[in-house]
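Comments concern the structure below.
The values are calculated or read from the model by the stated rules, or taken from the named source; none is laboratory data. Predicted, not measured: the structure shown is a model, and the values here were computed from it. We place every Cβ from the backbone using ideal geometry, glycine too, and count neighbours over all the protein chains shown.
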Amino acid sequence: MKSRLKPLIGLIAAPLPILALAASPALAVAPDAQVALRGDVVQAVSHATRTGTVAADRQISLAVSLQSRDAAGLDAFLAQVTDPKSAQYQHYLTVDQFADRFGAAPASVAKVVSYLKAQGLKVGATTANRLTIEASGSAAQVQKAFGTSLAAFHDNASGRDFFANTAAPVLPAGIAAVVSDVSGLNDFAKYTHFSTAQGAPAAKPNISGLTPAKARSAYNLTSTINAGYTGKGSTVGLVEFSGFQQSNIAAYDKQFSLTPSTPTVVNAGGGTTDLSGQDEVELDIEVVQALAPGAAVKVYEAPNSDAGETAIYAKLVSDNVPVVSISWGTYEAGETPSNLVAVDTDLKEAAAQGQSVYAASGDSGSDDQGNGGTSVDFPASDPWVTGTGGTTLTTSSSGAWSKETAWSGSGGGVSSGFATPSFQSKVNTGAKRAVPDVAAVANPSSGWAIYTQGSWQVFGGTSAAAPNWAAFTAVYNSEAAAKGKPSFGFANGTVYALAAGSNYGSAFHDVTSGSNGAYKAAAGYDKVTGWGSYNGANFLKAQLG
């Protein structure tokens, strides 16, 4: 049985420090005293069988996260930059501005780098935001540097073998005071992707599956794209923990006479050669190219691990990619609390920089953890991400939108740790954040015709909904640029402000029927489909004129 990680509860309700002894500046701690990082053991250890030790010469890659210099100041800035009533609304920061205001101080970076080198570790690049340092070394060096033991385990539930630290890492107090997380002390594959195929692979596209033309018609984007607003000038970054094959993308483009630019691969944390999730990656790329054929697509690839997770988000915000789509996640308690704080800090940076970040809300309805209760998926549950739920789409004989109902698999509910953000307070009176924020077609029965692994299949899942919204955002940005208007920016700020106004009924497709288990769709905002899906041309008119 999987256990819920209790330290997560309340962790993000306020900007709390992650280190037990760094909480109070008045607490005198000798600089050479040893301090343990709180919550830095992967949850899988609690229900796995220990099978041995890790070879001393095994090479391990790490990502060391540093604490923000002014966490309270960052929260205050975010409250202003995302509030339509504030004079600072949408006055976003550049990466350099963020680093200067909220990144770790250069002296702190230098201190941690010096410590890592003194332990014999090879130190790589520091990210542009000065919040993540890459390092590597042998298992023996890593165990010595962080005062913990690495052991081999077998997870009976999944049948997977992995290694992990058996206790929280320990650092000298002077170093621990500026370090929030050490990723890479385990290689447990943590993220799953949310794509679902229906039917057997075929040599030709299933005529029932969404094609680019059908999807554009259904979401009222045909006239917009025909007018030249194709996403050109905008970049969509895809978060992936698997590789893909460009030959499949080329076959999709040829079938539908698309001529997008070739996706660019960006490696984070060493990248990955794993192809086990290529159907997910190819789904993401093809959905974006179908709806935003002019957008540049960057595929960020990382190992499916704590270290890969930390590296990929640090890279995305340091590159300041305008639009991001995430189709991978894990139930909230599956994150180590320290890793969650490190990723949350990067996602806060994305919001501060005006990046639009969408994440699939999961395909397990209201029970993301699968333990019979209610739980939601991370990172969709993070307030600085736009959680994207799923619907069942019905179109008319002409291909226009007819209706959408809530898909039973649409992940949604209430976060166990994140407080209700200010932008959601009018529709969520609870103490914790509600998920999702928006939705789009996800039921495989009304899903996308996708070419992957050499054949055609119909794919659904909320991982088809996230890139759908990301593609729409790229289209929005191209029209905004042409009209001299601001880009979409932090997505939840734009979505909630528009949904609260008089144009909600025309700009969105409100989903009012269906459920995901514990929650039902209803008029306006709900915990199954959020505000619903976008009505493309109407949404654009309401925002851009």
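Has segment 115-134 got any residue that is crowded, with 20+ Cβ neighbours inside 10 Å and free of Cβ contacts under 8 Å to residues at least 24 places away in the same chain? Among the residues of segment 115-134, at least one is crowded, with 20+ Cβ neighbours inside 10 Å and free of Cβ contacts under 8 Å to residues at least 24 places away in the same chain, which makes the answer yes. Cβ-Cβ contacts under 9 Å between residues 6 or more apart (or on different chains), taken from a first residue in segment 443-467 that is in the same structural domain as residue 365 (by TED's automatic domain parsing) to a second residue that is basic (Lys, Arg), are listed as 449/214; 456/204.
Of all positions in segment 484-503, at least one carries a residue that is surrounded by fewer than 16 Cβ atoms within 10 Å (Cβ to Cβ), at positive phi and over 19 Å from the mean Cα position of the chain (by Cα). For segment 458-513, the tally of residues that are within 22 Å of residue 424 (Cα to Cα) and small (Gly, Ala, Ser) stands at 16. Restricting 314, 302, 295 to those that are in contact with a strand residue (DSSP E or B) (Cβ under 8 Å, 6 or more places away or on another chain), crowded, with 23+ Cβ neighbours inside 10 Å, closer than 15 Å to residue 190 by Cα and in contact (Cβ under 8 Å) with a residue 24 or more places away in the chain reduces the list to 302.
With respect to the stated conditions, residue 261 fails to be closer than 30 Å to residue 510 by Cα and touching a strand residue (DSSP E or B) at 6+ places or on another chain (Cβ under 7 Å). Out of 463, 415, one residue alone is modelled with pLDDT of 95 or more, of a type outside the set (Val, Ile, Thr) and in a strand (DSSP E or B). It is 415.
Every residue in segment 143-174 that is touching a Pro at 6+ places or on another chain (Cβ under 9 Å) and either in a helix (DSSP H, G or I) or without any contact (Cβ under 8 Å) to a residue 60 or more places away in the chain (or both), please. Result: 145, 146, 148, 173, 174.
Applying the set (1) touching a residue at least 60 places away in the same chain (Cβ under 8 Å); (2) surrounded by fewer than 18 Cβ atoms within 10 Å (Cβ to Cβ) to residue 246 leaves exactly one unmet item: (1).
Anything in segment 253-271 that is over 18 Å from the mean Cα position of the chain (by Cα) and in a loop (DSSP other than H, G, I, E, B)? List them, or say none. Result: 256, 257, 258, 259, 260, 261, 262, 263, 270.
Counting the residues of segment 495-519 that are without any contact (Cβ under 8 Å) to a residue 60 or more places away in the chain and of a type outside the set (A, V, I, L, M, F, W, C) gives 8.
One line per residue, one yes/no per condition, for (1) out of contact with any strand residue (DSSP E or B) (no Cβ under 7 Å at 6 or more places or on another chain); (2) modelled with pLDDT of 95 or more; (3) assigned to a loop (DSSP other than H, G, I, E, B); (4) among the charged types (D, E, K, R):
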{"residue": "456", "(1), (2), (3), (4)": "no, yes, no, no"}
{"residue": "468", "(1), (2), (3), (4)": "no, yes, no, no"}
{"residue": "475", "(1), (2), (3), (4)": "yes, yes, no, no"}
{"residue": "478", "(1), (2), (3), (4)": "yes, yes, no, no"}
{"residue": "502", "(1), (2), (3), (4)": "yes, yes, yes, no"}
{"residue": "512", "(1), (2), (3), (4)": "yes, yes, yes, no"}
{"residue": "517", "(1), (2), (3), (4)": "no, yes, yes, no"}
{"residue": "522", "(1), (2), (3), (4)": "yes, yes, yes, no"}
{"residue": "541", "(1), (2), (3), (4)": "yes, yes, no, yes"}
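In summary, residue 213 fulfils each of the numbered conditions (1) crowded, with 17+ Cβ neighbours inside 10 Å; (2) part of a helix (DSSP H, G or I) with the single exception of condition (1). Residues that are over 12 Å from the mean Cα position of the chain (by Cα) and over 25 Å from residue 73 (Cα atoms) within segment 307-335 comprise 307, 308, 331, 332, 333, 334, 335, listed in sequence order.
Scan segment 75-114 for residues that are assigned to a loop (DSSP other than H, G, I, E, B) and either free of Cβ contacts under 8 Å to residues at least 60 places away in the same chain or of a type outside the set (D, E, K, R) (or both) and the total you get is 15. Look at residue 382 and say whether it is closer than 12 Å to residue 193 by Cα and part of a loop (DSSP other than H, G, I, E, B). Against the criterion (closer than 12 Å to residue 193 by Cα and part of a loop (DSSP other than H, G, I, E, B)), residue 382 does not qualify.
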